[in-house]
């Protein structure tokens with residue numbers, strides 16, 4: 001099969017570029033530690049009362065570490081608001097009670113699908129004080145556009161504002 | 001050697017008029033193109049109104065503004081997605097594939113099968129229009145479980161799929177009969193690509209057929225009450241990514257086999273075109289998990305494998321960029337273009353058929369690069385389900401594919417009617433408003449997405465939108481307005497051509513009757529390519545299904561009507 005010389009160069013350039021992209025992605029995972037949502041466990045969505053999600057909320061694990069359990073349902077997050085001091089690291093365990101929802105924290109690398117039957121997990125460090133919305137980004141019925149939560153990161157800048 | 005001599009079948013090729021159509025051709029292809037434009041008219045008009053609904057400035061300026069369907073965001077969005085992405089495309093692809101196959105191979109498509117296929121698909125269209133317009137199917141075009149729509153929605157989808165299978169079978173039969181009569185000959189590149197497209201389609205629709213027939217349809221009829229949402233999503237995206245190549249390949253057929261002639265030149269390389277199509281067949285199926293990067297039930301290893309394969313499936317598109325680009329350069333230099341880049345500007349800017357395809361390519365550059373960003377699994381965390389995603393696929397599906405289909409319509413519709421296009425100027429204005437509108441819309445949506453605006457959300461009144469996202473969503477409504485003008489120009493020209501055009505039709509469609517004899521014949525060893533495809537599917541998808549199926553508890557997620565926060569119980 002005849003391949004034109006210029007086209008051969010083009011194909012090599014394209015392959016090298018895509019190879020560099022792949023290497024950059026591998027670096028983002030193995031060197032910079034970006035984590036993707038991965039299976040952490042299953043749950044019966046009709047029986048959350050008998051699971052770790054029976055009482056959703058924030059737990060202080062000490063040393064600036066927190067664990068949050070959040071339940072998404074049509075059309076709110078439980079709990080709706082979380083307060084943590086600046087510099088803390090929160091391990092979010094999230095699931096859905098009914099249909100699919102989304103979990104997106106503004107200005108932070110947290111982006112999860114919440115599916116009934118699956119526990120989704122993400123670890124987020126809050127370095128900046130401020131109010132960040134948790135947005136449900138997966139269509140979940142007519143109230144979808146009003147489904148959100150808030151993470152208040154309290155620090156030197158907002159300490160005076162909070163009650 | 002056969003002992004009994006069978007009566008020799010006539011192998012005289014069917015003769016098609018050079019300009020104009022046979023009656024059988026006009027009817028069978030005509031109903032598909034008209035049905036496609038009918039479906040598109042519902043979908044295309046919803047689009048601009050959704051950009052208005054998503055613009056906080058607009059919603060605050062006109063809080064009382066309510067038009068049935070148009071203003072009910074999720075109903076309109078379901079209509080927009082289902083009509084544009086599933087029905088317009090499928091009707092158009094089937095009609096166009098029949099046209100190209102018949103004309104290239106000079107053999108008719110089996111008319112009975114063609115009409116049965118059309119009947120099934122058209123009935124499906126009717127049922128879906130009923131389900132969506134009566135507000136019983138607000139499940140968007142991805143119809144994820146455990147949200148449930150009315151049964152007519154799923155039956156409509158099944159009829160569309162089965163109809164397209166029958167159409168595919170009719171195309172295969174025509175090809176095989178041609179092959180038998182022309183041993184050792186290369187099939188024309190256009191038909192080669194259409195065969196690739198149909199093989200891919202028959203394989204990928206199995207995923208969505210399983211999802212609908214075993215989960216969604218039984219549930220909507222009241223026989224099933226639990227499901228597994230992760231499995232449903234995996235089945236959908238087994239189908240969902242090849243679906244985008246099902247749309248793209250017919251556009252590539254036009255770019256590879258028609259545009260070079262329309263632009264005044266010839267195709268640079270027939271063989272590498274074939275290689276690109278074979279790569280699209282092999283690599284469009286084992287990549288669907290790139291839609292599931294944020295899903296909790298799929299392992300990071302599977303996500304990584306699908307990422308690499310997604311980069312591989314970008315290669316045939318880069319090859320297409322070179323091949324089609326070189327063909328356009330050749331055509332322009334023949335007309336006297338000078339300098340290294342002079343050919344870019346020396347195109348046939350007065351021919352709407354050419355300009356529509358070039359406009360599609362301009363948008364496809366944005367679509368291709370944003371697609372590579374989406375495919376990058378860790379970058380995707382910043383973008384999954386934000387407005388960036390629809391910005392991306394309005395450059396690919398809404399840009400490259402739709403504009404190319406519109407370009408094809410600008411010669412095919414006049415050919416069906418036997419009259420020239422109503423207005424070339426209107427068509428040119430339509431194409432450029434489409435390109436500009438899509439760029440404004442896409443830039444606004446993409447930037448708002450990076451700022452955190454979610455996709456598929458009626459965000460005009462949302463309490464959580466930040467200022468950056470609000471500003472750019474408002475700007476994308478301007479794009480929506482330009483696109484509304486473009487859509488009106490498109491339909492004015494369609495109606496004008498069908499009803500008011502008086503000029504005679506004198507355009508000969510560029511159809512090749514044979515393939516390049518220098519192209520390697522092994523590229524037509526379909527058994528080999530299908531085998532490799534199935535092998536890659538097994539490697540890439542088996543782990544996904546094994547890890548997402550819950551072998552311990554079975555299905556345990558109840559179904560829901562999206563309007564009510566309580567499960568559907570027996």
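All of the numbers you see were taken from the coordinates with simple rules; none came from a lab. This structure is a prediction, so every number in the text was calculated from the model and none was measured. Here Cβ is always computed from backbone atoms with ideal geometry, including for glycine, and neighbour counts include all displayed protein chains.
Computed quantities for the displayed model
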item: Rule-of-thumb Rg ratio for chain B [Cα; 2.2 N^0.38 Å; N residues]; result: 0.96
item: Value in Å of the Kirkwood radius, where segment A:1-160 supplies the Cα pairs that are averaged; result: 17.9
item: Relative packing of B:79-87, B:288-296, B:358-366, B:502-510, which averages over residues the other C-beta atoms within 10 Å, highest first; result: B:288-296, B:79-87, B:358-366, B:502-510
item: Share of pairwise Cα separations in the protein assembly as shown, more than 51 Å, in percent; result: 13
item: Cα-based radius of gyration of segment B:363-467 once divided by 2.2 N^0.38 Å, which approximates compact folds; result: 1.33
item: Antiparallel content of DSSP bridges confined to the protein assembly as shown, in %, to 5; result: 70
item: Neighbouring partner chain Cβ atoms per residue of B:289-301, average, 10 Å criterion; result: 6
item: Label-point gap, in nm, between residue A:63 and residue B:507 - each point 7 angstrom along Cα→Cβ; result: 7.1
item: DSSP bridge orientation in chain A - percent antiparallel, rounded to nearest 5; result: 70
item: Distance from segment A:92-131 to segment B:392-452 (C-alpha centre basis), Å; result: 37
item: Cβ neighbours within 10 Å from other chains - mean over B:518-524; result: 1
item: Residue-averaged beta-carbon neighbours from other chains (10 angstrom radius) around A:14-23; result: 4
item: MRE, 222 nm, helices only [DSSP H, n ≥ 4, -39500 (n - 2.57), over the protein assembly as shown, to nearest 500]; result: -18000 deg cm²/dmol
item: Segment B:477-570 shape via C-alpha gyration tensor axes, a/c threshold 1.5; result: oblate
item: Segment B:328-383-segment B:67-108 distance, computed between alpha-carbon centres (Å); result: 24
item: FRET efficiency for residue B:569 and residue A:1, using Cβ-Cβ distance with R0 set to 56 Å, rounded to 0.05; result: 0.35
item: Length gained when the stretch residue B:466-residue B:425 is fully extended (0.36 nm per residue, less Cα-Cα span); result: 10.6 nm
item: Contour minus Cα-Cα distance for residue B:373 and residue B:112 (0.36 nm per residue); result: 89.4 nm
item: For segment B:130-287, projected area of the alpha-carbon convex hull averaged over all directions, nm²; result: 11.5
item: Distance cut-off 22 Å, percentage of C-alpha pairs in segment A:67-163 lying past it; result: 26
item: Sorted peptide list for B:404-414, B:127-137, criterion being average Cβ within 10 angstrom, highest first; result: B:404-414, B:127-137
item: Rg/Rg_ref, segment B:247-373, where Rg_ref = 2.2 N^0.38 Å and atoms are Cα; result: 1.24
item: With Cα atoms, 0 to 90° folded angle of helix A:5-30 axis to chain A main axis; result: 30
item: Cα centroid separation, segment B:286-318 to segment B:468-534 (Å); result: 27
item: Sites residue A:123 and residue A:23, calculated FRET efficiency, Cβ-Cβ separation with R0 35 Å, nearest 0.05; result: 0.90
item: Burial order of peptide ranges B:64-74, A:68-78, B:420-430 (average beta-carbon count within 10 Å, highest first); result: A:68-78, B:420-430, B:64-74
